[in-house]
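The values are calculated or read from the model by the stated rules, or taken from the named source; none is laboratory data. What you are looking at is a predicted structure, and each value in this text was computed from that prediction instead of being measured. Cβ atoms come from the backbone with ideal geometry, glycine included; neighbour counts cover every protein chain shown.
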Amino acid sequence: MVSGAKYGKGVVLGAAGFIGISLANILDAEGFEVVCFDRFVSPHWPKTARTIVGDFTGIPVELLRELDNALVFHLVSSCRPSASTALAADEVNRDLVTTVRYLEETKSRGLRWIFLSSGGTVYGQNEDDQIAESSRTNPICSYGAVKLAIEHYFALYGRLYGIDYVVVRPANPYGPWQYPLTGQGIIAALVYKALRKDTVEIWGDGTNVRDYIFITDAVGGILAAATSGKTSEIYNVATGVGWSINQVVDIVSEILKRQVSVKYSEARHIDVKRNVLCVNKISSHTGWMPRMTMQQGIALTAEWLKQHVEV
(Lines give C-alpha, C1' and ligand atoms only; values in the text may rest on other atoms or scores of the structure.)
Protein backbone atom coordinates (compact mmCIF):
# COMPACT_ATOMS: atom_id res chain seq x y z
CA MET A 1 0.00 0.00 0.00
CA VAL A 2 1.23 3.48 -0.92
CA SER A 3 -0.51 6.19 1.05
CA GLY A 4 -1.42 9.48 -0.56
CA ALA A 5 -0.90 11.11 2.82
CA LYS A 6 2.80 11.63 1.99
CA TYR A 7 1.94 14.22 -0.67
CA GLY A 8 1.58 17.89 0.24
CA LYS A 9 0.54 19.16 -3.19
CA GLY A 10 -2.73 18.68 -5.03
CA VAL A 11 -2.98 19.24 -8.79
CA VAL A 12 -6.55 19.49 -10.06
CA LEU A 13 -6.98 18.77 -13.77
CA GLY A 14 -10.32 20.19 -14.84
CA ALA A 15 -10.40 22.61 -11.92
CA ALA A 16 -12.91 25.04 -13.43
CA GLY A 17 -15.77 22.56 -13.26
CA PHE A 18 -18.31 22.09 -10.50
CA ILE A 19 -16.37 19.40 -8.62
CA GLY A 20 -12.99 20.98 -9.42
CA ILE A 21 -13.85 24.31 -7.79
CA SER A 22 -15.02 22.64 -4.59
CA LEU A 23 -12.06 20.25 -4.55
CA ALA A 24 -9.50 23.02 -5.06
CA ASN A 25 -10.95 25.10 -2.23
CA ILE A 26 -11.16 22.20 0.21
CA LEU A 27 -7.59 21.14 -0.64
CA ASP A 28 -6.51 24.71 0.11
CA ALA A 29 -8.43 24.72 3.40
CA GLU A 30 -6.75 21.42 4.34
CA GLY A 31 -3.31 22.99 3.91
CA PHE A 32 -2.33 21.50 0.54
CA GLU A 33 -0.29 23.40 -2.01
CA VAL A 34 -2.83 23.70 -4.82
CA VAL A 35 -2.33 23.85 -8.59
CA CYS A 36 -5.40 24.45 -10.76
CA PHE A 37 -5.40 23.51 -14.45
CA ASP A 38 -8.09 24.15 -17.04
CA ARG A 39 -8.74 25.95 -20.31
CA PHE A 40 -9.56 29.17 -18.46
CA VAL A 41 -9.01 30.68 -15.02
CA SER A 42 -11.92 30.48 -12.61
CA PRO A 43 -12.43 33.42 -10.23
CA HIS A 44 -13.58 30.86 -7.66
CA TRP A 45 -10.23 29.11 -7.27
CA PRO A 46 -8.27 29.68 -4.04
CA LYS A 47 -6.34 32.95 -4.11
CA THR A 48 -3.14 31.13 -3.17
CA ALA A 49 -3.43 28.48 -5.91
CA ARG A 50 -0.99 28.39 -8.80
CA THR A 51 -2.86 28.38 -12.08
CA ILE A 52 -2.02 26.85 -15.43
CA VAL A 53 -4.19 27.52 -18.45
CA GLY A 54 -4.05 25.20 -21.42
CA ASP A 55 -5.55 22.37 -23.42
CA PHE A 56 -5.44 18.98 -21.70
CA THR A 57 -4.74 17.25 -25.01
CA GLY A 58 -1.66 19.40 -25.54
CA ILE A 59 0.06 18.07 -22.38
CA PRO A 60 1.63 21.42 -21.44
CA VAL A 61 5.24 21.16 -20.26
CA GLU A 62 4.48 23.51 -17.37
CA LEU A 63 1.74 21.17 -16.19
CA LEU A 64 3.92 18.07 -16.45
CA ARG A 65 6.49 19.71 -14.16
CA GLU A 66 3.83 20.24 -11.50
CA LEU A 67 2.76 16.59 -11.42
CA ASP A 68 5.87 15.35 -9.62
CA ASN A 69 5.37 14.56 -5.93
CA ALA A 70 1.67 15.47 -6.08
CA LEU A 71 -1.80 14.08 -5.71
CA VAL A 72 -3.08 14.47 -9.28
CA PHE A 73 -6.86 14.64 -9.54
CA HIS A 74 -7.99 13.77 -13.07
CA LEU A 75 -11.42 15.38 -13.50
CA VAL A 76 -11.13 16.19 -17.20
CA SER A 77 -13.89 14.94 -19.48
CA SER A 78 -14.74 16.29 -22.91
CA CYS A 79 -18.14 14.63 -23.06
CA ARG A 80 -21.25 13.86 -21.05
CA PRO A 81 -23.71 10.96 -21.06
CA SER A 82 -25.60 10.91 -24.35
CA ALA A 83 -27.65 8.47 -26.38
CA SER A 84 -25.66 9.46 -29.47
CA THR A 85 -22.34 8.01 -30.65
CA ALA A 86 -21.75 10.86 -33.12
CA LEU A 87 -18.85 12.19 -31.05
CA ALA A 88 -17.60 8.85 -29.74
CA ALA A 89 -14.38 8.91 -31.79
CA ASP A 90 -13.58 12.41 -30.51
CA GLU A 91 -14.27 11.29 -26.93
CA VAL A 92 -11.86 8.39 -27.31
CA ASN A 93 -9.17 10.66 -28.78
CA ARG A 94 -9.53 13.54 -26.35
CA ASP A 95 -10.09 11.59 -23.14
CA LEU A 96 -8.77 8.05 -23.44
CA VAL A 97 -5.83 8.59 -25.78
CA THR A 98 -4.71 11.75 -24.01
CA THR A 99 -4.88 10.08 -20.58
CA VAL A 100 -2.72 7.22 -21.85
CA ARG A 101 -0.21 9.78 -23.11
CA TYR A 102 -0.07 11.31 -19.61
CA LEU A 103 0.41 7.85 -18.09
CA GLU A 104 3.27 7.18 -20.48
CA GLU A 105 4.89 10.53 -19.65
CA THR A 106 4.66 9.95 -15.89
CA LYS A 107 5.05 6.18 -15.52
CA SER A 108 8.45 6.46 -13.84
CA ARG A 109 7.76 9.60 -11.79
CA GLY A 110 6.59 10.01 -8.22
CA LEU A 111 2.93 10.98 -8.00
CA ARG A 112 -0.45 9.52 -7.13
CA TRP A 113 -3.26 9.63 -9.66
CA ILE A 114 -6.87 9.97 -8.54
CA PHE A 115 -9.10 9.31 -11.54
CA LEU A 116 -12.69 10.46 -11.29
CA SER A 117 -14.65 7.88 -13.22
CA SER A 118 -18.44 7.40 -13.21
CA GLY A 119 -20.57 5.78 -10.55
CA GLY A 120 -23.52 5.30 -12.85
CA THR A 121 -22.66 4.87 -16.51
CA VAL A 122 -19.89 2.28 -16.02
CA TYR A 123 -22.30 -0.09 -14.25
CA GLY A 124 -25.19 0.28 -16.69
CA GLN A 125 -28.53 -1.36 -15.93
CA ASN A 126 -28.30 -2.89 -12.47
CA GLU A 127 -31.31 -2.99 -10.15
CA ASP A 128 -29.49 -4.33 -7.07
CA ASP A 129 -30.33 -2.54 -3.83
CA GLN A 130 -26.71 -1.36 -3.72
CA ILE A 131 -24.00 -1.71 -6.37
CA ALA A 132 -20.54 -2.69 -5.13
CA GLU A 133 -17.27 -1.97 -6.94
CA SER A 134 -17.05 -5.68 -7.81
CA SER A 135 -20.40 -5.62 -9.62
CA ARG A 136 -20.52 -6.27 -13.35
CA THR A 137 -19.77 -3.26 -15.55
CA ASN A 138 -21.88 -2.83 -18.66
CA PRO A 139 -21.80 0.74 -20.04
CA ILE A 140 -24.81 1.75 -22.13
CA CYS A 141 -23.35 4.99 -23.52
CA SER A 142 -20.05 6.15 -24.97
CA TYR A 143 -19.31 8.29 -21.90
CA GLY A 144 -19.37 5.23 -19.64
CA ALA A 145 -17.39 3.10 -22.09
CA VAL A 146 -14.62 5.73 -22.25
CA LYS A 147 -14.51 6.09 -18.45
CA LEU A 148 -14.23 2.33 -18.03
CA ALA A 149 -11.52 2.08 -20.70
CA ILE A 150 -9.49 4.73 -18.87
CA GLU A 151 -9.88 2.73 -15.64
CA HIS A 152 -8.46 -0.32 -17.43
CA TYR A 153 -5.43 1.64 -18.65
CA PHE A 154 -4.71 2.84 -15.13
CA ALA A 155 -4.83 -0.80 -14.04
CA LEU A 156 -2.53 -1.81 -16.91
CA TYR A 157 0.08 0.83 -16.02
CA GLY A 158 -0.24 -0.19 -12.39
CA ARG A 159 0.59 -3.80 -13.26
CA LEU A 160 3.36 -3.00 -15.75
CA TYR A 161 5.06 -0.04 -14.06
CA GLY A 162 3.73 0.07 -10.51
CA ILE A 163 2.14 3.51 -10.86
CA ASP A 164 0.26 4.65 -7.78
CA TYR A 165 -3.40 5.39 -8.47
CA VAL A 166 -6.93 5.08 -7.14
CA VAL A 167 -10.18 5.25 -9.09
CA VAL A 168 -13.21 7.04 -7.66
CA ARG A 169 -16.69 6.23 -8.95
CA PRO A 170 -18.92 9.02 -7.63
CA ALA A 171 -22.69 9.01 -7.38
CA ASN A 172 -24.61 12.09 -8.58
CA PRO A 173 -23.05 15.13 -6.86
CA TYR A 174 -25.01 18.33 -6.35
CA GLY A 175 -24.69 21.61 -4.47
CA PRO A 176 -22.91 24.99 -4.71
CA TRP A 177 -21.05 25.83 -7.96
CA GLN A 178 -23.22 23.50 -10.00
CA TYR A 179 -24.91 25.78 -12.48
CA PRO A 180 -28.41 24.70 -13.51
CA LEU A 181 -28.32 25.41 -17.26
CA THR A 182 -25.39 23.22 -18.27
CA GLY A 183 -27.47 20.12 -18.98
CA GLN A 184 -26.00 18.19 -16.05
CA GLY A 185 -27.25 17.93 -12.49
CA ILE A 186 -30.93 17.23 -12.07
CA ILE A 187 -31.15 18.67 -8.55
CA ALA A 188 -29.61 22.02 -9.56
CA ALA A 189 -31.91 22.23 -12.59
CA LEU A 190 -34.97 21.19 -10.60
CA VAL A 191 -34.38 23.67 -7.75
CA TYR A 192 -33.59 26.47 -10.22
CA LYS A 193 -36.79 25.92 -12.20
CA ALA A 194 -38.82 25.62 -9.02
CA LEU A 195 -37.44 28.94 -7.76
CA ARG A 196 -38.46 30.52 -11.06
CA LYS A 197 -41.85 28.78 -10.92
CA ASP A 198 -41.07 27.14 -14.26
CA THR A 199 -42.30 23.70 -15.25
CA VAL A 200 -39.77 20.91 -14.71
CA GLU A 201 -39.41 18.38 -17.54
CA ILE A 202 -38.71 14.84 -16.41
CA TRP A 203 -37.75 12.04 -18.80
CA GLY A 204 -39.81 8.96 -17.99
CA ASP A 205 -42.34 8.60 -15.19
CA GLY A 206 -40.12 9.88 -12.38
CA THR A 207 -39.64 6.50 -10.73
CA ASN A 208 -35.96 6.12 -11.72
CA VAL A 209 -33.86 5.93 -8.56
CA ARG A 210 -30.48 7.61 -8.06
CA ASP A 211 -27.92 8.07 -5.33
CA TYR A 212 -27.39 11.82 -4.82
CA ILE A 213 -24.44 13.11 -2.79
CA PHE A 214 -23.87 16.67 -1.59
CA ILE A 215 -20.69 18.20 -2.98
CA THR A 216 -18.83 18.57 0.33
CA ASP A 217 -19.47 14.90 1.08
CA ALA A 218 -18.38 13.96 -2.45
CA VAL A 219 -15.13 15.91 -2.14
CA GLY A 220 -14.57 14.44 1.32
CA GLY A 221 -14.82 10.96 -0.18
CA ILE A 222 -12.48 11.85 -3.04
CA LEU A 223 -9.90 13.17 -0.57
CA ALA A 224 -10.29 10.12 1.66
CA ALA A 225 -9.58 7.86 -1.31
CA ALA A 226 -6.65 10.08 -2.34
CA THR A 227 -4.96 10.21 1.05
CA SER A 228 -5.95 6.93 2.70
CA GLY A 229 -7.10 4.66 -0.12
CA LYS A 230 -5.11 1.61 -1.14
CA THR A 231 -3.23 1.82 -4.39
CA SER A 232 -4.88 0.29 -7.47
CA GLU A 233 -8.28 0.20 -5.76
CA ILE A 234 -11.65 1.40 -7.04
CA TYR A 235 -13.93 3.25 -4.61
CA ASN A 236 -17.59 4.21 -4.85
CA VAL A 237 -18.22 7.63 -3.30
CA ALA A 238 -21.92 7.88 -2.58
CA THR A 239 -24.55 7.82 0.17
CA GLY A 240 -25.87 4.30 -0.29
CA VAL A 241 -29.41 5.73 -0.27
CA GLY A 242 -31.67 5.88 -3.31
CA TRP A 243 -34.24 8.53 -4.16
CA SER A 244 -36.67 8.52 -7.06
CA ILE A 245 -36.97 11.70 -9.09
CA ASN A 246 -40.54 12.04 -7.86
CA GLN A 247 -39.30 11.89 -4.26
CA VAL A 248 -36.74 14.60 -4.99
CA VAL A 249 -39.50 16.77 -6.46
CA ASP A 250 -41.50 16.31 -3.27
CA ILE A 251 -38.51 17.33 -1.11
CA VAL A 252 -37.89 20.43 -3.24
CA SER A 253 -41.57 21.36 -2.92
CA GLU A 254 -41.33 20.93 0.84
CA ILE A 255 -38.12 22.96 1.18
CA LEU A 256 -39.33 25.81 -1.05
CA LYS A 257 -42.87 25.66 0.33
CA ARG A 258 -44.38 25.60 -3.15
CA GLN A 259 -45.66 22.86 -5.43
CA VAL A 260 -43.26 22.12 -8.26
CA SER A 261 -44.91 21.92 -11.69
CA VAL A 262 -43.81 18.77 -13.56
CA LYS A 263 -44.11 17.65 -17.18
CA TYR A 264 -43.25 14.04 -18.00
CA SER A 265 -41.60 13.21 -21.34
CA GLU A 266 -40.60 10.00 -23.08
CA ALA A 267 -37.87 8.08 -21.23
CA ARG A 268 -34.32 7.97 -22.62
CA HIS A 269 -32.66 4.60 -23.09
CA ILE A 270 -29.41 5.87 -21.53
CA ASP A 271 -31.15 6.42 -18.19
CA VAL A 272 -30.81 3.39 -15.92
CA LYS A 273 -33.79 2.54 -13.73
CA ARG A 274 -31.87 2.26 -10.49
CA ASN A 275 -28.37 3.25 -9.43
CA VAL A 276 -27.50 3.19 -5.73
CA LEU A 277 -23.88 2.61 -4.73
CA CYS A 278 -22.47 0.65 -1.81
CA VAL A 279 -19.88 2.57 0.23
CA ASN A 280 -18.74 -0.24 2.54
CA LYS A 281 -15.35 -0.52 0.83
CA ILE A 282 -14.26 3.11 1.14
CA SER A 283 -15.65 3.25 4.66
CA SER A 284 -13.67 0.21 5.77
CA HIS A 285 -10.46 1.36 4.03
CA THR A 286 -10.51 5.03 5.03
CA GLY A 287 -13.21 5.60 7.66
CA TRP A 288 -15.09 8.05 5.41
CA MET A 289 -18.87 8.26 5.49
CA PRO A 290 -21.26 10.87 4.03
CA ARG A 291 -22.88 13.28 6.52
CA MET A 292 -25.40 15.48 4.70
CA THR A 293 -29.06 14.50 4.46
CA MET A 294 -30.97 15.10 1.24
CA GLN A 295 -33.15 17.71 2.94
CA GLN A 296 -30.12 19.61 4.24
CA GLY A 297 -28.34 19.42 0.90
CA ILE A 298 -31.28 20.65 -1.13
CA ALA A 299 -31.86 23.54 1.29
CA LEU A 300 -28.21 24.60 0.96
CA THR A 301 -28.39 24.26 -2.82
CA ALA A 302 -31.46 26.50 -2.94
CA GLU A 303 -29.76 29.14 -0.83
CA TRP A 304 -26.67 29.13 -3.03
CA LEU A 305 -28.73 29.43 -6.22
CA LYS A 306 -30.66 32.37 -4.75
CA GLN A 307 -27.37 34.17 -4.02
CA HIS A 308 -25.35 33.31 -7.14
CA VAL A 309 -27.75 32.67 -10.03
CA GLU A 310 -30.38 35.06 -11.30
CA VAL A 311 -33.73 33.47 -10.48
- Every listed condition ((1) within 27 Å of Tyr212 (Cα to Cα); (2) hydroxyl-bearing (Ser, Thr, Tyr); (3) touching a His at 6+ places or on another chain (Cβ under 9 Å)) holds for Ser82 save (3)
- Item | Looking only at segment 37-66, and only at residues there that are among the hydrophobic types (A, V, I, L, M, F, W, C), touching a residue at least 24 places away in the same chain (Cβ under 8 Å) and out of contact with any strand residue (DSSP E or B) (no Cβ under 6 Å at 6 or more places or on another chain), the one that is surrounded by the fewest Cβ atoms within 10 Å (Cβ to Cβ) | Phe40
- Residues that are farther than 22 Å from Trp177 by Cβ: find the strands (runs of 3 or more DSSP E) completely inside segment 191-251 holding 2 or more of those. 200-203, 234-237
- Scan segment 132-170 for residues that are part of a helix (DSSP H, G or I) and β-branched (Val, Ile, Thr) and report the count. 2
- Task: Give the residues of segment 252-285 that are surrounded by fewer than 17 Cβ atoms within 10 Å (Cβ to Cβ), touching a residue at least 60 places away in the same chain (Cβ under 8 Å) and closer than 21 Å to Pro176 by Cβ, sorted by residue number.
- Result: Leu256
- What number goes with the only condition from (1) over 30 Å from Ser284 (Cα atoms); (2) part of a helix (DSSP H, G or I); (3) among the charged types (D, E, K, R) that Arg80 does not pass? (2)
- Filtered residue count, segment 286-305, keeping only those that are part of a helix (DSSP H, G or I), in contact with a helix residue (DSSP H, G or I) (Cβ under 7 Å, 6 or more places away or on another chain) and either farther than 15 Å from Ile213 by Cβ or in contact (Cβ under 8 Å) with a residue 60 or more places away in the chain (or both): 7
- Query: Residue check, Lys197 against (1) over 16 Å from the mean Cα position of the chain (by Cα); (2) buried (at least 19 other Cβ atoms within 10 Å of the Cβ); (3) at positive phi, all met but one. Which one?
  - Reply: (2)
- Message: Can you find, within segment 27-70, the residue that is nearest to Leu223 (Cα to Cα) among those that are part of a loop (DSSP other than H, G, I, E, B) and among the basic types (Lys, Arg)?
- Response: Lys47
- Query: Does any residue of segment 196-212 turn out to be in contact with a strand residue (DSSP E or B) (Cβ under 9 Å, 6 or more places away or on another chain) and closer than 30 Å to Tyr102 by Cβ?
  - Reply: yes
- Query: Does Ala24 satisfy the criteria of being surrounded by 17 or more Cβ atoms within 10 Å (Cβ to Cβ), in a loop (DSSP other than H, G, I, E, B), at pLDDT 95 or above and within 18 Å of the chain's Cα centre (by Cα)?
  - Reply: no
